[in-house]
Amino acid sequence: MNKTDNELDDFRYEVRDWLEKNRPKKPDFLMPQSFMEVGTDEQFHYLREWQQKVYEAGFLGMAWPREYGGGGRSQILQDIATQEMKVGKFPFMINAIGVSWAGPLILNMGTEEDKRKYIKGILSAEDIWCQGFSEPDHGSDLGNVQLKAERDGDDYILTGSKIWTTLGNYAKYMILLARTNPKIENKYAGLSYFLSPMKIQGVDPVPIQKLTGEYGFCQTYFDGVRIPASCLIGGEGNGWRVAIQTLQYERNAEGGAAGGPTSEIPYVHEVIDVARKIKRDGKPAIENPHIRDQAIKFLITEVACRANLVRDEIPSLVIERPQSLSMSLKGYGCDFWQKMQEFAMSLQGQSAAYYVGDDLAVAGGRWHRAYFNSFSTTIGGGTTEIQRNIVGERILGLPKS
């Protein structure tokens, strides 16, 4: 059923009104900037309670099927609700891997039992999810996964480790890529994909301290972990196909996410505010012609990013290369945000020496922290270099060599 402009406007005001009336109290502790930086119990419970509240109000999972816990409404309503959360600078959804990757995958490829078992817990944040793709010794070579999953009757036995498992120490489930056939010549054909429980014997997620001094990632060890064969999704030996589908969601190349922001969204006008407050030669930095030129370029890029999101939804505008924009989004978006945050630091001159916790830090050290954290986004889900290769080979048809 199509909505009229007036109905959509009314809904937007409804969302905006609810958000303002229910804005959570500002905490007295440092908040993470994305779901990848949640490192304390205080942060975790604060964000989990917020996601639960948004879901119970009906503004998360609005387009997911009602029979599994979603709202069963139109996608455009969810898009409006998400946009209002972003613009209003509301907390992000902590269960990002669940609402953006695992949930869409289960709805797309899971059994009826899977959907009824997992979807509502994903939306309510009762069940936190993490991802088990990367391994310590194999970098970006995802097809070379070595964690073993050996069949034993009605179970699989998992042995090995995963790294960069965001929220691994809080997660109840993991989307896990493992090797079920180490003898087969085609390494991709020997992989299988599991919806694996985490709170069981033999699973040991060990938090990793990052450059910022914070946590959020783990290295997760599996020591002879026994899981039911029913955890398999997509069939044994089909793990690579399921993993590629997951990466489509992670790289924003395919829709289906439940909605809500998954990180603190920085905008160019906030960097310009820094340039207005910082002095250069006794004048606001924004009056420097070079700085103004850089700021304008960032504004143009920000508008272009937003326009491309809209353009990608109109088939007639991308008819020549239908996936070009969606496949490029993660690469150019992450690169843009990283450069913008680096620019915000460069504006600060000597003040850039102060970090989070220093009284003289500009904006509490926010931009330094954001810059350091930005490297995880240019690596996770496939590095920026890999993304460029994918676009070149699969979209533009360029040769590999």
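We did not get these values from a lab; they are worked out from the coordinates using the rules stated. The structure displayed is predicted, hence computed values, not measured ones. Reconstructed Cβ throughout: ideal geometry from the backbone, glycine too, with neighbour counts over all protein chains shown.
Observations
- Estimated FRET transfer efficiency when R0 is 25 angstrom, pair residue 358-residue 89 (beta carbons, to 0.05): 0.60
- Within the listed set 153, 260, 235, the residue fluctuating most in the Gaussian network model of the chain (springs between alpha-carbon atoms under 10 angstrom) is 153.
- Largest to smallest principal axis extent of the C-alpha atoms in region 268-395, angstrom: 52, 28, 19
- Only the Cβ atoms of Lys and Arg (+1) and of Asp and Glu (-1) were treated as charged; on that basis the dipole of the chain about its Cα centre amounts to roughly 520 debye.
- Annotation: for a label point projected 7 angstrom from Cα along Cα→Cβ of residue 270, residues of region 2-42 with backbone N closer than 17 Å are 24, 26-27, 29-38.
- Placing R0 at 56 angstrom, the Cβ-Cβ distance between residue 314 and residue 229 gives a FRET efficiency of 0.80 after rounding to 0.05.
- Projecting the Cα atoms of 392, 88, 57 onto the charge dipole of the chain (Cβ charges, centred on the Cα centre) puts 392 farthest toward the positive pole.
- If the segment from residue 6 to residue 45 were pulled out straight at 0.36 nm per residue, it would be longer than the present Cα-Cα gap by 10.3 nm.
- Cα gyration tensor shape of region 59-114, rounded if a/c is under 1.5, else prolate or oblate by comparing a/b with b/c: oblate
- Residue 323-residue 151 pseudo-label distance in nm [points 7 Å out on the Cα-to-Cβ vector]: 3.0 nm
- The length gained by stretching the chain between residue 23 and residue 293 to full extension, at 0.36 nm per residue less their Cα-Cα distance, is 93.6 nm.
- Simple rule: put +1 on each Lys or Arg Cβ and -1 on each Asp or Glu Cβ in region 130-250, find the dipole, and look at 202, 186, 242; the Cα lying farthest toward the positive end is 242.
- Length-normalised contact order for the chain - Cα pairs under 8 Å, 6+ apart - percent: 14 percent
- For residue 392, the shell of other residues with beta-carbons less than 13 Å away shows a net charge of +2, using +1 for Lys and Arg and -1 for Asp and Glu.
- Förster-model FRET efficiency, 45 Å R0, residue 31 and residue 398, C-beta, rounded to 0.05: 0.60
- For region 97-234, a crude dipole built from +1 on the beta carbon of Lys and Arg and -1 on the beta carbon of Asp and Glu, taken about the Cα centre, is about 160 debye to the nearest 20.
- Three-way shape call for region 206-315 based on the alpha-carbon gyration tensor, with the a/c threshold at 1.5: oblate
- Rounded to 10°, Cα long-axis angle of helix 239-250 versus longest principal axis of the chain: 20 degrees
- Taking the longest Cα principal axis of the chain as reference, the axis of helix 324-346 is set at about 50 degrees.
- The alpha carbons of region 130-250 stretch over 42, 29, 25 Å along the principal axes, in descending order.
- Seen against the Cα atoms of the chain and their longest principal axis, helix 268-277 is set at about 40 degrees.
- Residue exposure proxy: 122, 395, ordered by other Cβ atoms within 10 angstrom of their Cβ from fewest to most, comes out as 395, 122.
- Within the chain, antiparallel bridges make up roughly 85 percent of the DSSP beta bridges whose residues both belong there.
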